[in-house]
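The values are calculated or read from the model by the stated rules, or taken from the named source; none is laboratory data. These figures come from a predicted structure and were not determined experimentally. Glycine gets a Cβ as well: all are built from the backbone with ideal geometry, and neighbour counts include every protein chain shown. Just the protein is used for accessible areas: all its heavy atoms, side chains included, with ligands, DNA and RNA removed. Shrake-Rupley method; radii C 1.70, N 1.55, O 1.52, S 1.80 Å.
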Amino acid sequence: MLKKRIIPCFDIKDGRVVKGINFLELRDAGDAVEMAAQYAKAGADELVFLDITATQENRKTLASLVEKIASEINIPFTVGGGINSVEDAERLIRCGADKISLNSSAVKNPELITAIANALGTQAVVVAIDTKLANGNWEVYSNGGRVATGLDTVAWAQQAEALGAGEILLTSMHNDGTKNGFAIAITSQVCNAVNIPVIASGGAGSMEHFRDVFTQTTATAALAASVFHYGEIGIQEIKDYLKNEKIAVR
Amino acid sequence: MIAILKYNAGNTKSVQNAIQRLGYECIVTDDTAQLQAADKVIFPGVGEAGSAMEYLKAKGLDVVIKNVKQPVLGICLGLQLMCTASEEGATEGLGIFDVLVKKFPPRGIVPHMGWNNFNTINSPLFKGISIEDNIYFVHSYYAELCNDTIAQCDYLLPFSAALQKDNFYAVQFHTEKSGAVGEQILKNFLAL
């Protein structure tokens, strides 16, 4: 049986892991390569690295970090942040990343999804969607959650799938860093609207939250950062808990 | 020396890393002489079947792979290209395995992405592996069950997780991304 995936996420700045609270205050959480190796050993199913500083100058730093991570770990990982062209994506895949994640650049230029999917395969393209409930609508935000795009979340997820996305990483910004639980309603709506895997993200604070997102939506993976990085929930601990709750995990 | 086939649909870096972690030397090459002289050949692949096959044919690598006498391991798209034909881009494959590659039915989430276990395993390739062990899959197309099936997996329907005929082995999952279980399977292949 296909297992539900538990995915620790790393916000990367200058090669180190940081985690923002509600996308704002940054706290340093550790060395990325070392942490990646530890998580792989601990039983994480996949890893996601988002370069939150992603500037021109940082591209080389990111590529060399990806190379180091790939040589250290034996599980799949996704890299995102500042990927604006097919060349950017190809470089990271060549360095050993399994998938790349597009966010603002896909909103700005949706054809980029298709161009990268054609070059690298749809399985390599994750479209990350940051969403927030405003006036009764779940709206897509870009630029690290700073810019309201006017796009409807479900419609954008469907468009991303049609353009060639192989997976959706859905982050509820209200919930992100709050530890109040995943945004079940919008996660469920997106899962029901697309036929590709959806990773739920934002708000994980307790083991029950993981259970809820897996029992109340068809998300195939759940992503979290701070609860793992600060040692509040161990990877093996969450796996054992979910197994007990009759959820198939590795 | 282990040779990893260099072509336009490779995730060669990850495969190379995995082999090196196991202590073997390897080269990434599309040179016929080097491929023929290697102890083992790995035929990796991530991407689209049609363009990959076109590239192999243009370089004459299709003939080279078919005629290699030492153990060959196809991984993911590598497995699919070793079959008779694929529905992806109506691609004619190498025909090493007499089986068709089809698209998963639209009744479920596609691609089949993540960790899944085996239904059955039957090969020295799976020495030390149990059917409860999980391996990592990412694919939208699958090889049907056939006489060459040495491992079965179930996702929406039962399919070939691994195939073997003579010196040709192939796995649909990513040995190089399947943690300790994947490493064991790769180790078993390298020890053949």
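Working only within the stretch B:133-160, note down all residues that are farther than 22 Å from B:G47 by Cα, more than 10 Å from chain A (Cβ to nearest Cβ) and not polar (S, T, N, Q). Passing the criteria: B:L145, B:C146, B:D148, B:I150, B:A151, B:L157, B:P158. Cβ separations smaller than 7 Å between residues 6+ apart or across chains give the following pairs from the stretch A:89-118 residues that are within 14 Å of another protein chain (Cβ to nearest Cβ) to residues that are assigned to a helix (DSSP H, G or I) and among the basic types (K, R): A:R94/B:K13; A:C95/B:K13; A:G96/B:K13; A:D98/B:K177.
Only one of the numbered conditions (1) part of a loop (DSSP other than H, G, I, E, B); (2) more than 17 Å from the chain's Cα centre (by Cα) is not met by B:Y55, and that is (1). Among the residues of the stretch A:206-222, the one identified as within 14 Å of another protein chain (Cβ to nearest Cβ), open to solvent by 10 Å² or more (accessible area, probe 1.4 Å) and not in a loop (DSSP other than H, G, I, E, B) is A:F214. A Cβ distance below 8 Å, combined with a sequence gap of six or more or placement on separate chains, defines the contacts here; from the stretch B:147-174, residues that are at pLDDT below 95 reach no residue that is surrounded by fewer than 21 Cβ atoms within 10 Å (Cβ to Cβ). Close contacts from the stretch A:229-250, counting a first residue that is within 19 Å of A:M35 (Cβ to Cβ) and a second that is assigned to a loop (DSSP other than H, G, I, E, B) and hydroxyl-bearing (S, T, Y), with Cβ to Cβ under 8 Å and a gap of 6+ residues or different chains, come to A:I233/A:S206.
Could you pull out the residue among A:E111, A:E72 that is within 24 Å of B:G50 (Cβ to Cβ) and open to solvent by 50 Å² or more (accessible area, probe 1.4 Å)?
A:E111
Residue count for the stretch A:36-50 satisfying the condition of being crowded, with 24+ Cβ neighbours inside 10 Å and part of a helix (DSSP H, G or I): 1.
Would you confirm whether or not the stretch A:54-65 contains a residue that is in contact with a Phe, Trp or Tyr (Cβ under 9 Å, 6 or more places away or on another chain), modelled with pLDDT under 90 and either part of a helix (DSSP H, G or I) or over 17 Å from B:A18 (Cα atoms) (or both)? Yes: the stretch A:54-65 contains one or more residues that are in contact with a Phe, Trp or Tyr (Cβ under 9 Å, 6 or more places away or on another chain), modelled with pLDDT under 90 and either part of a helix (DSSP H, G or I) or over 17 Å from B:A18 (Cα atoms) (or both).
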